[in-house]
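Encoded as structure tokens, here's the structure I'll be asking about.
The values are calculated or read from the model by the stated rules, or taken from the named source; none is laboratory data. Everything numeric here is computed off the predicted structure, so don't read it as measured data. Here Cβ is always computed from backbone atoms with ideal geometry, including for glycine, and neighbour counts include all displayed protein chains.
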Amino acid sequence: MTRFDNPALAETIASISVPDPRHHAQARSRLDSLTKPLGSLGRLESIAAQVVAIRSGSVDLPLKKAVYVFAADHGIVSEGVSTYPKEVTAQMVMNFLSEGAAINVLARLHHAELTVIDVGVDATFGDLPGLMHCKVCPGSQNMLNEKAMADSQLMTAIDVGLELARSAHEKQQTLIAVGEMGIGNTTAASAITALLTKQPVAAVTGKGTGLDDASTKRKINVIEAVLQRHFGDSHSKPDALNILQCVGGLEIAAMTGFFLGAARHRIPMIADGFISTAAAALAYAIEPKVKEYILAGHCSEEPGHRFLLQYLGLNPILSLEMRLGEGTGAVLAMPIVESALRLYTEMATFASAGVSEAKA
């Protein structure tokens with residue numbers, strides 16, 4: 001299987017381009033002309049310049065913010081890698097729809113439109129308001145015994161993300177947080193991280209939803225067995241799509257497609273925590289130009305997240321000792337991004353304010 005077996009994916013990859021460096025330079029020039037000492041707004045300046053360059057030199061305010069939460073189950077849960085049963089995935093989806101989860105609170109507070117997507121939850125929801133029905137299959141397979149997804153399942157899940165990115169573009173959404181829900185998905189993310197970063201499994205695997213030391217050790221052993229089964233002792237970096245197919249999951253595949261699709265449509269994205277960033281890293285492995293369109297919302301307490309951020313070369317906006325997921329850390333970073341853009345557009349320049357500039 002090659003990454004070009006999917007025409008929509010191939011077209012998306014071919015359509016992604018790096019933001020014009022002239023727009024970045026123009027943004028930096030304006031930032032330097034604002035009534036403040038050079039560079040005194042710190043990272044707010046680089047955030048503003050990145051988003052302005054992504055948007056081809058223009059910023060439409062107020063931002064039209066959105067958060068997408070992709071949900072799916074994982075067959076690997078049967079190996080005891082989570083403190084929670086897989087039924088919690090469906091229960092949390094219902095909690096999202098009844099507006100009782102952390103992401104609901106933060107999305108309301110920061111005026112981000114929330115979209116919940118069933119990509120592969122092992123439950124039948126019926127016609128529930130607020131839920132996007134994009135189920136590929138009722139969860140990925142147990143990756144310890146077989147590939148997490150068949151070829152067609154992988155490509156269909158990626159297509160879900162590509163289509164949602166196209167829809168976000170049509171809705172004229174201008175800042176998007178990417179989140180997830182799936183019991184067992186830290187196991188998949190740890191496997192992805194070990195393969196992409198070439199770090200030992202033990203270094204990139206954490207306690208997930210609260211495993212004790214013995215259960216964490218079992219989780220590490222399971223992941224090592226998974227990697228041995230699918231990739232053996234190979235020291236070459238596996239193809240990103242092969243990684244996705246072997247370890248899953250469906251929500252990670254859909255997020256990977258979403259990151260690629262949103263980059264094609266020049267939409268700034270904020271990756272959330274460990275699992276969301278694993279999908280961003282896979283998208284980057286498929287097409288490195290994707291990185292130019294991604295901001296890291298925060299640094300998770302999951303140890304593998306730091307390795308993924310280093311792999312992507314991203315500096316997280318926040319560090320709040322969080323490990324929740326759902327897109328919460330990404331939405332919390334939205335006001336920082338919005339503040340940077342307000343400063344960029346609304347501050348006076350030295351010339352317009354009649355303020356003398358610093359002497360050389």
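Sort through 194, 202 and tell me the only one that's surrounded by 17 or more Cβ atoms within 10 Å (Cβ to Cβ) and small (Gly, Ala, Ser).
The match here is 194.
Of the residues in segment 178-219, how many are touching a helix residue (DSSP H, G or I) at 6+ places or on another chain (Cβ under 9 Å) and in a loop (DSSP other than H, G, I, E, B)?
Of the residues in segment 178-219, 11 are touching a helix residue (DSSP H, G or I) at 6+ places or on another chain (Cβ under 9 Å) and in a loop (DSSP other than H, G, I, E, B).
How many residues does segment 110-154 hold that are of a type outside the set (A, V, I, L, M, F, W, C) and more than 23 Å from residue 78 (Cα to Cα)?
Selection size over segment 110-154: 10.
Is one or more of the residues making up segment 176-191 in contact with a strand residue (DSSP E or B) (Cβ under 7 Å, 6 or more places away or on another chain), surrounded by 15 or more Cβ atoms within 10 Å (Cβ to Cβ) and farther than 23 Å from residue 77 by Cβ?
For segment 176-191, residues in contact with a strand residue (DSSP E or B) (Cβ under 7 Å, 6 or more places away or on another chain), surrounded by 15 or more Cβ atoms within 10 Å (Cβ to Cβ) and farther than 23 Å from residue 77 by Cβ: present.
Counting residues that are surrounded by 21 or more Cβ atoms within 10 Å (Cβ to Cβ), more than 21 Å from the chain's Cα centre (by Cα) and of a type in the set (D, E, K, R), which helices (runs of 4 or more DSSP H) fully inside segment 1-110 reach at least 1?
Qualifying helices (runs of 4 or more DSSP H): 43-54.
List the pairs whose first member sits in segment 93-119 and is closer than 22 Å to residue 337 by Cβ, whose second member is among the acidic types (Asp, Glu) and at pLDDT 95 or above, and whose Cβ atoms are under 7 Å apart, counting only residues at least 6 apart or on separate chains?
102/326; 103/326
Which of the residues spanning segment 120-136 are touching a Leu at 6+ places or on another chain (Cβ under 7 Å) and in contact (Cβ under 8 Å) with a residue 40 or more places away in the chain?
Within segment 120-136, 120, 136 meet the criteria.
Please find, within segment 111-137, the residue that is farthest from residue 184 (Cα to Cα) out of those that are under 22 Å from the mean Cα position of the chain (by Cα) and assigned to a loop (DSSP other than H, G, I, E, B).
Looking at the filtered set, the residue picked out is 111.
Scan segment 244-278 residue by residue and report those that are among the aliphatic types (A, V, I, L, M) and either out of contact with any helix residue (DSSP H, G or I) (no Cβ under 8 Å at 6 or more places or on another chain) or surrounded by fewer than 24 Cβ atoms within 10 Å (Cβ to Cβ) (or both).
267
A further question on this structure: Of the residues in segment 321-360, how many are of a type in the set (S, T, N, Q) and either under 16 Å from the mean Cα position of the chain (by Cα) or surrounded by 19 or more Cβ atoms within 10 Å (Cβ to Cβ) (or both)?
1
Need the failing condition index for residue 229 against (1) surrounded by fewer than 20 Cβ atoms within 10 Å (Cβ to Cβ); (2) outside any helix (DSSP H, G or I), just the number.
(2)
Inside segment 239-267, can you point out the residues that are under 19 Å from residue 145 (Cα atoms), out of contact with any Lys or Arg (no Cβ under 7 Å at 6 or more places or on another chain) and not polar (S, T, N, Q)?
Result: 243, 244, 247, 248, 249, 250.
Look at segment 273-303 and say how many of its residues are farther than 23 Å from residue 88 by Cα, outside any loop (DSSP other than H, G, I, E, B) and not charged (D, E, K, R).
Count: 15.
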